[in-house]
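Have a look at the structure below, then the notes.
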Amino acid sequence: LCRHRQRMIRATRFLRRALRADASASAASADGLKFRFNTPTSSIIGEDTVKMVLVPAVSGDFGILAGHVPTIAQLKPGVVSVYKTDTDITHYFVSGGFAVVRDDAVASVTAAEAVEVSELDSAAVQAGISKYQGDVASAKDGEEKTNAEIALEVHEAMAYALTLSK
């Protein structure tokens, strides 16, 4: 009898938590997604309600809406697109980081570095691509080659990001 009662209490607690989470997700879905975007040195978006956020995860790009399942994803170099509305979209280039989606319709992106795509210098990006292609070809050891490949990947991702702002 005691075990049965303990199971019932656990089941009731679980059900209450699930109902609270469902209610908060439903309320948040109506209001939108609460979103935070930070780097180690600055807060790009402190907390704002947005319609959707697209992130470049290592496992594949994905969109985050209110009601998204809880997730933690590592980000690769690429573009984080923040949709405040269907027409108010801001694109940010990130060099990597993490995206976290909680079950209460709050999402956050923490990036090692981030800059609005409109602030990227096309000529500097192309110069970086040329430099790092040469560095990959002339690398003397594995570490040098790996570092050059990482830098090349970041610059190629920046070049792609620049195509979004046209």
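The values are calculated or read from the model by the stated rules, or taken from the named source; none is laboratory data. Computed from a predicted model, the values in this text were never measured in an experiment. Quick reminder, even Gly has a Cβ in these numbers, built from the backbone with ideal geometry, and neighbours come from all protein chains shown. Remember, those area values only see protein heavy atoms, side chains included, never the ligands or the DNA or RNA. Shrake-Rupley method; radii C 1.70, N 1.55, O 1.52, S 1.80 Å.
Taking segment 52-104 as the range and being free of Cβ contacts under 8 Å to residues at least 60 places away in the same chain and of a type in the set (D, E) as the test, the residues that pass are D61, D86, D88. Screening S122 against (1) open to solvent by 60 Å² or more (accessible area, probe 1.4 Å); (2) in contact (Cβ under 8 Å) with a residue 40 or more places away in the chain; (3) within 18 Å of the chain's Cα centre (by Cα) leaves a single unmet condition, (3). Got at least one residue in segment 40-57 being open to solvent by less than 30 Å² (accessible area, probe 1.4 Å), touching a strand residue (DSSP E or B) at 6+ places or on another chain (Cβ under 8 Å), modelled with pLDDT of 90 or more and in a loop (DSSP other than H, G, I, E, B)? No, that holds for no residue. Which residue is modelled with the lowest pLDDT, if the candidates are limited to segment 78-99 and must be out of contact with any Asp or Glu (no Cβ under 6 Å at 6 or more places or on another chain) and either in a loop (DSSP other than H, G, I, E, B) or charged (D, E, K, R) (or both)? Per the stated criteria, the residue is D86.
The residues listed here are A157, A112, A161; of these, the one that is touching a His at 6+ places or on another chain (Cβ under 8 Å), under 30 Å from M52 (Cα atoms) and touching a residue at least 60 places away in the same chain (Cβ under 8 Å) is A161.
Taken over segment 107-127, residues that are under 17 Å from T39 (Cα atoms) and not in a loop (DSSP other than H, G, I, E, B) amount to 10.
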